[in-house]
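Written out below as structure tokens is the structure these notes cover.
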Amino acid sequence: MGQKVNPRGFRLGITEKWRSRWYEEKDYSHHLHEDFRIRQFLEEKFRRAGVSKIVIERAMNKIRINVFAGRPGIAIGKKGDTIGRVKKDLEKLTGDANVFLNVQEITQPDLDAKLVADKIAFQLQRKTGTKRVVREAITRVMAAGAEGVRITCKGRIAGAEIARKEWMKEGRIPLHTLRAKIDYGCATSHTSYGCIGIKVWIFTGEVLPSLPEEKFNNETSAKKSKIQKSSEG
């Protein structure tokens, strides 16, 4: 039927965490739109820093913003000048709230789906061959330790008159497995022929729920006793 779901939203509370961590009953819509403006503003300001995700936490009149970037030095600037100016702009944007801005580095950018998609979009803007770019990206991701990767490009690829979709895959991508740790990211490449959409799925392994040691021992002892009773009977 062509029905699709976002892999990140599908796994919220299981392998993924919320990126807006606050609770509000009356002004929920106001805070929601404010979070959207904050993310839009920071992505525009830190475009060259390679922003992967922005986590916003609220408490009373305080806002803590964690920016995860591939090149944090560009976001911070010399002696913190850039981040200081951005912090003042954010305080005006949020109505003079106390804003705490923290920039963190992504240690493995080749395993981050958003950064991989942004890099492919940048290379397509420079009119590099689509298949070549996608193959190189898949090679880098698998070399970084991923168990599977899938990349999809859709639009007027290579200036074709009719838009089409091309995709490549290596390894396995268990989209229906909730315990699978799958990172998803998308980007848009603005070429002279039109926009090309890029989607990236990266599978890094399964996250299995671990039982506490006491509960595990109790369950194993109960199973052993059942087996003994059945053998005696």
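Since every read-out is calculated from the coordinates, none of them should be taken as a lab result. Everything numeric here is computed off the predicted structure, so don't read it as measured data. Backbone-built Cβ (ideal geometry, glycine too); neighbour counts: all protein chains shown.
Numbers for the structure displayed
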read-out	value
Cut-off under 5 Å, modelled amide H: who pairs with Arg21 long-range	Ile56, Glu57, Arg58
Gyration tensor (alpha-carbon) shape descriptor, the chain, a/c threshold 1.5	oblate
Farthest toward positive dipole pole in the range 109-206 [+1 Lys/Arg, -1 Asp/Glu at C-beta], among Leu124, Trp201, Leu178	Leu124
Full-stretch length increase - Glu44, Thr128 - with 0.36 nm per residue and alpha-carbon distance subtracted	27.8 nm
About the Cα centre, charge dipole magnitude for the range 7-105 (Lys/Arg +1, Asp/Glu -1 at Cβ), debye	420
Centroid-to-centroid separation of the range 126-191 and the range 1-72 [C-alpha atoms, Å]	24
Around Ile63: net Lys/Arg minus Asp/Glu count, Cβ-Cβ under 15 Å	+2
Helix-only [θ]222 nm of the chain, DSSP H runs n ≥ 4, -39500 (n - 2.57) each, per residue, nearest 500	-11500 deg cm²/dmol
Set of aspartates and glutamates near Lys131 by C-alpha distance (under 17 Å), chain-local residues within fewer than 8 positions excluded	Asp118, Glu166, Glu170
Relative contact order, percent, the range 72-134 [alpha-carbon distance under 8 Å, six or more residues apart]	21
Hz values of 3J(HN,Hα) by residue in the range 50-67 - Karplus curve (6.51, -1.76, 1.60), Gly and Pro given as x	x, 7, 8, 8, 10, 9, 10, 10, 10, 7, 6, 9, 10, 10, 10, 10, 9, 9
Rounded to the nearest 20 debye, dipole of the chain from Cβ charges on Lys, Arg, Asp, Glu	660
Sequence-distant aspartates and glutamates (8 or more away, or on other chains) whose Cα lies within less than 15 Å of Lys92	Glu34, Asp35
Which of Phe46, Gly13, Ala59, positive extreme of dipole for the range 1-80 (C-beta unit charges)	Phe46
Cross-link pairs beyond the 28 Å C-alpha cut-off, checked among Lys26/Lys181; Lys4/Lys181; Lys79/Lys181; Lys114/Lys165; Lys26/Lys62	Lys26/Lys181; Lys79/Lys181
Selected from Arg48, Arg164, Arg172 as most flexible by GNM, with the chain as the system and alpha-carbon contacts under 10 Å	Arg164
Among beta bridges that DSSP assigns inside the range 7-105, antiparallel share in %, nearest 5	40
Highest-fluctuation residue, Phe203, Phe36, Phe100 considered, GNM on the chain with Cα pairs under 10 Å	Phe36
Electrostatic dipole magnitude of the range 109-206 [Cβ: Lys, Arg +1; Asp, Glu -1; Cα centre; debye, to 20]	300
Gaussian network model of the chain, Cα within-10 Å springs - most flexible of Ala49, Ala69, Ala97	Ala97
